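One structure below.
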Amino acid sequence: MRPAPPAAPTSGRVPPFVWALPPVAVLGLLFLYPLALVVQQSFSPDEGGTSLAPYSDVFASDAFRDALTTTVWLAVGSTVGCLVLGFTLALIIAFVPFPGGKAVAKFIDVFLSFPSFLITLALLFIYGTVGMANGVWTDVTGVAEGPFHFLTTPWGVLLAEITYFTPFVMRPLLAAFSQLDTAQLEVASSLGAGPARIVRRVILPEALPALAAGGSLVLVMCLNEFGIVLFTGAKGVTTLPMLVYSKAILESDYPAACVVAVVNIAISVGLYSLYRMVSRRVGA
């Protein structure tokens, strides 16, 4: 019986965990360390020491409660608007043949790369105080100013967010519709089902996972949106990101700014976890 060959020496091999150290170190230096500083600063009042006083002061303030309420209703309202508009537009693009339909679908992918302030700027050109709509109105009626001033209100922020984030709902919907067996639609139509019934009984159940994934992603992004609120110049519209900016830059109240940032991060991580869970179920 031939003896087994001797085992190869392992003294020169690098343990696998060593290769994980460089990316972990970079991640810790660029992300975890600054985040830890923000959390630490949120427990450090201006008087010195470590205390929960910054949290109690911020939570007791009307500015924080108003910002939290505004952030939640804008995020939820924008998400609902994006779901309704995105589902309708995706249905038209996927199931209503028209010239240029494929080009429109491809443009949606390009639209996703646009910065949010660009869409807001375009809306200002159309509906701003000196925008096209007000210009046409004053030219036709001869009055001094036009009637469109809603962009500087919460409704203007809502319109801008729905306009910008709707393609984030349409993209997963179009992918889901492309995998839908058209034979089901043909069978339903041959049995006498109308378009509305087909959408409700055949298409919508297939689209629910994509709607949930797109809606949860939009909810997370709306919660953290800063550029749209800033560029619309909406008066009295203060969201959590805007409150962080106000406390840190305008008031130099860094403990309060860090408290609001920690709250915003906690909500965002929770919603992102929901998005990942929904995305995994959609992928499965």
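Throughout, read-outs are computed from the coordinates displayed, never taken from laboratory work. Please read these numbers as outputs of a predicted model, since none were measured by experiment. Here the Cβ is made from the backbone with ideal geometry for all residues, glycine too, and neighbour counts use every protein chain on show.
Find which of VAL263, ILE126, PRO54 sits farthest along the positive direction of the dipole of the chain, computed with +1 on the beta-carbon of Lys and Arg, -1 on that of Asp and Glu, about the Cα centre.
In the chain, that residue is VAL263.
Using the crude model of +1 on Lys and Arg Cβ and -1 on Asp and Glu Cβ, and no other charge, please compute the dipole size for the chain relative to its Cα centre, in debye to 20.
1360 debye
Going by average Cβ density within 10 Å per residue, which order do the peptides 37-47, 237-247 take, highest to lowest?
So the order, starting with the most tightly packed, is 237-247, 37-47.
Would you calculate, for the chain, the mean residue ellipticity at 222 nm contributed by helices, counting each DSSP H stretch of 4 or more residues as -39,500 (n - 2.57) and dividing by all residues, to the nearest 500?
Counting only the DSSP helices, I get -22500 deg cm²/dmol.
I'd like the distance between the alpha-carbon centres of segment 151-209 and segment 63-116, rounded to an integer number of Å.
Result: 11 Å between the Cα centres.
Pull up the cross-link candidates among the aspartates and glutamates for LYS247, meaning alpha carbon to alpha carbon under 20 Å and not fewer than 8 places away within one chain.
ASP46, GLU47, ASP57, ASP62, ASP66, GLU225
Pop the C-beta distance of THR69 and PHE98 into the FRET formula with R0 = 45 Å and round what comes out to the nearest 0.05.
FRET efficiency, THR69 to PHE98: 0.60.
Would you compute the Debye intensity of segment 79-176 from its alpha-carbon atoms alone, equal scatterers and no solvent, and pass along log10 I(q)/I(0) at q = 0.11, 0.15, 0.17, 0.23 Å⁻¹ to two decimals?
Debye output, listed in q order: -0.43, -0.71, -0.83, -1.09.
Can you tell me the dipole magnitude for segment 59-216 around its Cα centre, using point charges on the Cβ only (Lys, Arg +1; Asp, Glu -1), in Debye to the nearest 20?
With only Lys, Arg, Asp and Glu charged at Cβ, the dipole is about 400 debye.
Based on the Kirkwood radius over alpha-carbon pairs, what is the Stokes-Einstein translational diffusion coefficient of segment 54-283 at 37 °C with 0.692 mPa s viscosity, in µm²/s?
166 µm²/s
Beta carbons within 10 angstrom, averaged per residue: use that to sort the peptides 88-96, 164-172, 197-205, highest first.
164-172, 88-96, 197-205
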